[in-house]
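Here's the structure, in structure tokens; my notes come after.
The values are calculated or read from the model by the stated rules, or taken from the named source; none is laboratory data. Every value quoted in this text rests on a predicted model; they were computed, and no experiment measured them. Neighbour counts run over all protein chains shown; Cβ positions are idealised from the backbone, glycine included.
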């Protein structure tokens, strides 16, 4: 095989790291993460459920709400606590994992405004960025680094996990600053072709020889100069 693709747990990531260089990989996936940016129009119960769903993955998962609304922040915090304290049929089966995840990598951040919220999200570069906003499309251009953006409360990240698409193999750990979700280009290799006619070859060779001499690579310079001397 030439390249390995696909998501997995910690053991899959460690295995991919071991073979990287011998074969290609699509990336090293870390713990999953979701940032929810919400304004005062968001439903606290829905935001809370989105955070709980993310935290359910793993004790290392990140579930963060960023909002300028203190009212919303307090309501979400109360709803999360209520859900975690539920008993009987309403109890969450992975409550212990959720609690550990929220304690280690979750939380709520109050900002002065939505602009600051997006600045923080871009610095964090989350795998998933959910925009629980009155007009999410208005803010799309503010997103500079995220694996996937989920626009509006109806487009929750859980739907992306299972059915909404596109690819849900996304960059984690801040790598969304320079990486993209798995896509068709990951399955494509580019091969460079260099084909110069004699006149262009002599012109380029003169530049190459000068650079090679400056680097002290005499054999490089001689190989280039031979092309200049050839009629």
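Within region 4-25, work out how many residues are under 13 Å from residue 169 (Cβ atoms) and not in a loop (DSSP other than H, G, I, E, B).
Filtering region 4-25 for residues under 13 Å from residue 169 (Cβ atoms) gives 4-8, 12-13, 16, 25.
Okay, now just the ones that are also not in a loop (DSSP other than H, G, I, E, B), so 4, 12-13, 16, 25.
So the answer is 5.
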Hey, does region 142-160 have a residue that's farther than 18 Å from residue 50 by Cβ, assigned by TED's automatic domain parsing to the domain that holds residue 40 and surrounded by fewer than 14 Cβ atoms within 10 Å (Cβ to Cβ)?
yes
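If the requirement is being closer than 30 Å to residue 129 by Cβ and either surrounded by 10 or more Cβ atoms within 10 Å (Cβ to Cβ) or in contact with a helix residue (DSSP H, G or I) (Cβ under 8 Å, 6 or more places away or on another chain) (or both), which of these qualifies: 198, 181?
Numbers: 198 fails: closer than 30 Å to residue 129 by Cβ.
Being closer than 30 Å to residue 129 by Cβ and either surrounded by 10 or more Cβ atoms within 10 Å (Cβ to Cβ) or in contact with a helix residue (DSSP H, G or I) (Cβ under 8 Å, 6 or more places away or on another chain) (or both) holds for just one of 198, 181, which is 181.
When only residues in region 100-124 that are within 15 Å of residue 58 (Cβ to Cβ) and in contact (Cβ under 8 Å) with a residue 40 or more places away in the chain count, which is surrounded by the most Cβ atoms within 10 Å (Cβ to Cβ)?
Among them, the one singled out is 101.
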When you scan region 186-195, do you find a residue that is closer than 30 Å to residue 147 by Cα and surrounded by 11 or more Cβ atoms within 10 Å (Cβ to Cβ), even just one?
yes
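For region 112-131, enumerate the residues that are assigned to a loop (DSSP other than H, G, I, E, B) and either touching a strand residue (DSSP E or B) at 6+ places or on another chain (Cβ under 6 Å) or under 23 Å from residue 164 (Cβ atoms) (or both). Steps first, answer last, please.
First, the residues of region 112-131 that are assigned to a loop (DSSP other than H, G, I, E, B): 112-113, 125-127.
Selection gives 125, 126, 127.
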Residue match in region 132-146 (condition: touching a residue at least 12 places away in the same chain (Cβ under 8 Å) and assigned to a strand (DSSP E or B))
yes
